[in-house]
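So the structure is just underneath, and the comments pick up after that.
The values are calculated or read from the model by the stated rules, or taken from the named source; none is laboratory data. Here the structure is a predicted model, which is why all the values come from computation and not from measurement. Note that each Cβ is placed from the backbone with ideal geometry, even for glycine, and that neighbours are counted across all protein chains shown.
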Amino acid sequence: MRGLADTDGFTLVELLLTVALVSLVITGGFRLYYFADRSFVSGTLTADVQTDVQIAIRRITEELSLAHFVEFGRLPESSLDAADHFIYVNSKGQVVLHRHNGIQFLTSADPEAVQYALSFEAVAEIPNTVHVSLASENERVPYRLETDIQVLNIRLSGFKGTTPSTSVYFTKEPSQEEREAAEDFRRICLITSVFMDPDDPDWHTLRRFRDEVLEKSRFGRTVVRWYYRSSPYWVAVLDDMPVLSNILRICVEAVVFWLEWQAIITVVTWLLVSVFLGFSLMSKRGLVLN
């Protein structure tokens with residue numbers, strides 16, 4: 001006990017110095033952990049935003065490239081048809097694909113951490129092409145991706161609405177009115193109306209001849225245009241003249257046969273001509289010799 005009583009304790013200066021050193025170590029460790037955690041969170045958010053934007057742009061490209069009708073600036077109504085598709089940014093800043101069976105989120109990042117800005121614009125220099133821009137509105141994660149989408153199946157009237165726009169409405173199939181108009185047009189085509197069914201293989205042979213031969217020349221294109229313009233008249237005439245219709249059907253079948261076997265027919269014709277000329281020359285030589 002006497003030994004402990006004679007031992008000197010820590011002075012106030014030593015205690016304060018020890019506390020200060022321990023505080024510095026703890027503060028340094030905390031600051032290191034804090035900055036490492038912030039860097040990890042920032043890196044994770046950046047990766048999430050970049051992945052979100054890339055996936056959303058790819059999905060928008062897949063959807064719009066197959067569209068048949070496109071209208072910019074239109075937002076969904078209370079009830080949607082099965083053919084209706086909308087792409088826009090909702091009130092929380094998320095990019096969504098809205099269809100009749102529900103809403104699909106094209107961006108999955110936390111809307112409280114990042115919102116997106118979406119823009120659609122028709123490209124004047126390239127027909128049937130839409131310029132799409134998708135960007136993050138978070139200043140800490142500035143990321144933008146742009147692309148041009150060529151709409152492969154767009155109808156002849158082209159795009160509707162004004163651009164640039166933050167939303168787009170589109171359908172992937174022709175409307176009922178367009179189907180009926182196409183059916184009416186098909187009915188007044190002479191060959192499919194009078195001579196054969198559109199699913200007939202002979203009809204596909206004639207179509208290949210039109211696309212691969214007639215459409216390649218100016219004269220052929222003139223013949224094609226004349227055919228479609230005059231088809232309604234000839235359909236009406238042949239409806240009242242079944243005998244003439246049967247004769248022309250035989251002629252059309254002969255043309256199809258020649259188109260399908262023209263190479264063989266040409267070779268056989270040349271062989272027959274050669275044989276005939278050969279016999280003719282041999283006959284003449286025989287007469288001369290005699």
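Scan the strands (runs of 3 or more DSSP E) fully inside the range 67-135 and keep the ones with 3 or more residues being out of contact with any Ser or Thr (no Cβ under 7 Å at 6 or more places or on another chain).
Working: elements: 69-72, 85-89, 95-99, 102-105, 116-122.
Ranges flagged: 95-99, 102-105.
For the subset of the range 148-159 comprising residues that are loosely packed, with under 14 Cβ neighbours inside 10 Å and in contact with a strand residue (DSSP E or B) (Cβ under 9 Å, 6 or more places away or on another chain), which member is modelled with the highest pLDDT?
That would be Asp148.
So which helices (runs of 4 or more DSSP H) stay within the range 165-241 end to end and still have 3 or more residues that are modelled with pLDDT of 70 or more? Before you say what the answer is, go through the steps one by one.
Working: elements: 176-187, 201-212, 218-239.
Qualifying helices (runs of 4 or more DSSP H): 201-212, 218-239.
Among the residues of the range 135-147, which ones are within 22 Å of the chain's Cα centre (by Cα) and either among the aliphatic types (A, V, I, L, M) or modelled with pLDDT under 90 (or both)?
Of everything in the range 135-147, those that are within 22 Å of the chain's Cα centre (by Cα) and either among the aliphatic types (A, V, I, L, M) or modelled with pLDDT under 90 (or both) turn out to be Ala135, Leu145.
Go through Glu137, Glu125 for me and flag whichever is over 23 Å from Thr171 (Cβ atoms) and touching a strand residue (DSSP E or B) at 6+ places or on another chain (Cβ under 8 Å). Reasoning before the result, please.
Numbers: Glu125 fails: touching a strand residue (DSSP E or B) at 6+ places or on another chain (Cβ under 8 Å).
None of the other options fit; the residue is Glu137.
Here is a list: Val141, Val132, Val123, Val168. Which entry is of a type in the set (Val, Ile, Thr) and free of Cβ contacts under 8 Å to residues at least 60 places away in the same chain?
Every option except Val123 fails the conditions.
What tally of residues in the range 98-109 results from selecting those that are surrounded by fewer than 20 Cβ atoms within 10 Å (Cβ to Cβ) and either in contact with a strand residue (DSSP E or B) (Cβ under 6 Å, 6 or more places away or on another chain) or within 20 Å of Phe69 (Cα to Cα) (or both)? Reasoning before the result, please.
Looking only at the range 98-109, we keep the residues that are surrounded by fewer than 20 Cβ atoms within 10 Å (Cβ to Cβ), and these are 98-105, 108.
Those still in the list that are either in contact with a strand residue (DSSP E or B) (Cβ under 6 Å, 6 or more places away or on another chain) or within 20 Å of Phe69 (Cα to Cα) (or both) too: 98-101, 103-105.
Counting residues in the range 98-109 that are surrounded by fewer than 20 Cβ atoms within 10 Å (Cβ to Cβ) and either in contact with a strand residue (DSSP E or B) (Cβ under 6 Å, 6 or more places away or on another chain) or within 20 Å of Phe69 (Cα to Cα) (or both) gives 7.
Can you confirm whether Ala67 is closer than 27 Å to Glu177 by Cα and either assigned by TED's automatic domain parsing to the domain that holds Ile154 or in contact with a Phe, Trp or Tyr (Cβ under 8 Å, 6 or more places away or on another chain) (or both)?
yes
Taking the conditions exactly as written (small (Gly, Ala, Ser) and surrounded by 11 or more Cβ atoms within 10 Å (Cβ to Cβ)), does Ser231 satisfy them or not?
yes
Determine which member of the set Val89, Val95, Val114, Val132 is modelled with pLDDT of 90 or more, farther than 15 Å from Pro164 by Cβ and buried (at least 20 other Cβ atoms within 10 Å of the Cβ).
Val95
Tell me which residues, restricted to the range 119-177, are more than 13 Å from His68 (Cβ to Cβ) and hydroxyl-bearing (Ser, Thr, Tyr).
Ser119, Thr129, Ser133, Ser136, Tyr143, Thr147, Thr162, Thr163, Ser165, Thr166, Ser167
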